[in-house]
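Some notes on the structure that comes next.
The values are calculated or read from the model by the stated rules, or taken from the named source; none is laboratory data. Please read all numbers here as calculations on a predicted model, not as lab measurements. A quick note on method: Cβ atoms are made from the backbone with ideal geometry, for glycine too, and the neighbour counts reach across all protein chains shown. Remember, those area values only see protein heavy atoms, side chains included, never the ligands or the DNA or RNA. Shrake-Rupley method; radii C 1.70, N 1.55, O 1.52, S 1.80 Å.
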There are 2 protein chains.
Amino acid sequence: MSKTHPNVIADHLEEMILEGTFADNDRLDEVQLAKRFSVSRTPIREALQRLTQAGLAERIPRRGVFVRQPGAIELLEMFEVMAELEAAAARFAAQRISDAALKELVDTNEECERALQDKDADRYYRANERFHQIIYAQSGNSFLEAEATRLHRRLKPFRRLQLRLRGRLRQSMSEHESILKALSDGDPETAANVTRQHIAVQGDKFHHLIATLKTAAE
Amino acid sequence: MSKTHPNVIADHLEEMILEGTFADNDRLDEVQLAKRFSVSRTPIREALQRLTQAGLAERIPRRGVFVRQPGAIELLEMFEVMAELEAAAARFAAQRISDAALKELVDTNEECERALQDKDADRYYRANERFHQIIYAQSGNSFLEAEATRLHRRLKPFRRLQLRLRGRLRQSMSEHESILKALSDGDPETAANVTRQHIAVQGDKFHHLIATLKTAAE
DNA sequence: AGTCAAGTTTTTGTATACAAGGTCTACGCA
DNA sequence: TGCGTAGACCTTGTATACAAAAACTTGACT
């Protein structure tokens, strides 16, 4: 592998962790990674620190850094917070969204629809992601946008799971419609509530999630 | 200064930045800090990286790291998000709070009251902080608790300002009462809304905030 | 055989050396 | 005098050397 910058290394490792290349509690060996990326330990340590800061790994003093995959409970907690952040973004967006963005949102949702009919999961995920990203941006709050994006990214590998969990994509689509309506109506409360419901994982789905996680782990 | 660990150094620098020891855009000189803390540049660089990750400073490649004090807009954005996180915590807490915690919350609020009557600002701030911390914890979501605490900490130096901004502490106290009532009633919606109002900086206060910031900067 | 301890090896953490790019000064030239 | 540029000087970024702590191995003793 060619010599590369620490940020790139961190991105790379982050990607690997998020994609599940490493198992939970795997140790990230500094010299091994140094060889792997053809750099010295110094930039590797920098990258590892970034990962620990992001919560993707944990550094135990004098023992090393270990990847930290979230368990079922932590995952639920993260989804709960995600739901609130998205709800907040939708609340603000209902008051602040531009006509252009609203149109873009409609287009994106139609793209979702088409991808769904074509059974093109990949395209659906991309469009879905853009749908949410537009709402973050239209919250008119770049700090919120950044935080939401960060958490969204962190949860990305589990989104697929969440969708399967929710049952059918159909329902997700109709929720999008409700969000869209609330936004174009300029109704912050409804926008927030509908969005929260859209993201949240509640009640009986909890057990389903745990079961799915266990299956995935084996 | 005695030789100390990078985390301690980072905490120290963080404290200094938050307390306003450094001005915006000040460069954090590696060798200077190394001398100051009697360590080599390596642990200093680690500490600086932590600061940049936390958003308290920015690293410009090949130029150094510079402290980033939030401007008025960013500050408002952060308060907006803080309001939403607190509202979310209150929403969950209304459903999950324990009797013991509820009692503790009442006690803490009374402590606020007493401190207010004694005009003991310091004690008031401590009690106020505990009040909010209890709500975070009682959200029953440790991820949310951690995120809220993180942002709370970041906004700490501006809270004083926010209170002055809101007018009188009296109002803050009566808002606490409303929150308390909603929590003991187990009413999530009200708890969330009241809390959001409690934290939020809206409308005309905006200009006031900017003016106050400018004064503080001179 | 099992356990404990001393020594060896491995690994992290810190210091220092070196390389590469950026800044600043001083001098030449219009 | 003002501007541009060459070169010295700093500063950051990376590699390597060294120190200290943990893990592992081996062997002695019960």
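Percent relative contact order of chain A, based on C-alpha pairs within less than 8 angstrom and at least six residues apart? Present the calculation step by step, with values, prior to reporting the outcome.
Details: 241 pairs, mean separation 51.5, N = 218.
Dividing the mean separation by the residue count of chain A yields 24 percent.
Peptide A:135-145: average number of partner chain Cβ atoms within 10 Å per residue? The partial results should precede the final answer.
On the way: counts 0, 0, 0, 0, 3, 2, 8, 3, 13, 5, 2.
Across the residues of A:135-145, the mean count of other-chain Cβ atoms within 10 Å is 3.
What is the stretch B:38-152 by shape, rounded, prolate or oblate, if you read a ≥ b ≥ c off the alpha carbon gyration tensor as root eigenvalues and call it rounded for a/c under 1.5, prolate for a/b larger than b/c, and oblate otherwise?
Prolate, since a/c reaches 1.5 and a/b exceeds b/c.
Pairing the Cα long axis of helix B:99-117 with the longest principal axis of chain B, what angle in degrees results, from 0 to 90 and rounded to the nearest 10?
Approximately 80 degrees, to the nearest ten.
What does the copy distance list look like for B:E15, label position 7 Å along Cα→Cβ, in nm and ordered from shortest?
Those label-point separations list as 4.1 nm.
Give me the percent of accessible area attributable to carbon and sulfur for the protein assembly as shown, probe 1.4 angstrom.
51
For the stretch A:15-136, what is the charge dipole size about the Cα centre, in debye to the nearest 20, if Lys and Arg each add +1 at the Cβ and Asp and Glu each add -1 at the Cβ?
820
Just how large is the dipole of chain A about the Cα centre, in debye to the nearest 20, putting +1 at every Lys and Arg Cβ and -1 at every Asp and Glu Cβ?
The calculated dipole for chain A is roughly 880 debye.
Quick one: Kirkwood hydrodynamic radius for chain B, alpha-carbon pairs, angstrom, one decimal?
Kirkwood radius, chain B: 18.9 Å.
How many nm separate the modelled label positions at B:M173 and A:D11, each set 7 Å beyond the Cα in the direction of the Cβ?
5.4
Using only Cα atoms, tell me the angle between helix A:142-166 and the longest principal axis of chain A; keep it within 0 to 90° and round to the nearest 10.
Here the helix axis deviates by roughly 90 degrees.
Which chain B residue hugs the B-A rotation axis most tightly by its Cβ, and what is that distance in angstrom, to the nearest whole number?
Closest Cβ to the B-to-A rotation axis, residue and whole-Å distance: B:Q53, 2.
Given a cut-off of 17 Å, what percent of all Cα-Cα pairs of the stretch B:6-67 lie beyond it?
The calculated P(r) of the stretch B:6-67 puts 28 percent of pairs beyond 17 Å.
Compute the label-point distances linking A:E58 to its equivalents in the other copies; points lie 7 Å from Cα along Cα→Cβ; give nm, one decimal, shortest first.
3.4
Using the 7 Å Cα-to-Cβ label point, sort the distances from A:E177 to its equivalents in the other copies shortest first and give them in nm to one decimal.
4.8
Report the dimensions of the protein assembly as shown along its three principal axes from the alpha-carbon atoms, largest first, rounded to Å.
Over the protein assembly as shown, Cα extents along the principal axes are 68, 55, 45 Å.
Treating only the Cβ atoms of Lys and Arg (+1) and Asp and Glu (-1) as charged, compute the dipole magnitude of the stretch A:6-67 about its Cα centre; round to the nearest 20 debye.
400
Compute the helix-to-body angle for B:6-18: its Cα long axis versus the longest principal axis of chain B, expressed 0 to 90° and rounded to tens.
70
What order, most packed first, do the peptides B:6-18, A:41-53 have when packing is the mean number of other Cβ atoms within 10 Å of each residue?
Numbers: B:6-18: 17.2, A:41-53: 19.5.
My ranking of the peptides, most packed first, is A:41-53, B:6-18.
For the stretch B:167-200, list residues with backbone N below 11 Å from a point placed 7 Å from the Cα of B:L102 toward its Cβ?
B:181-187
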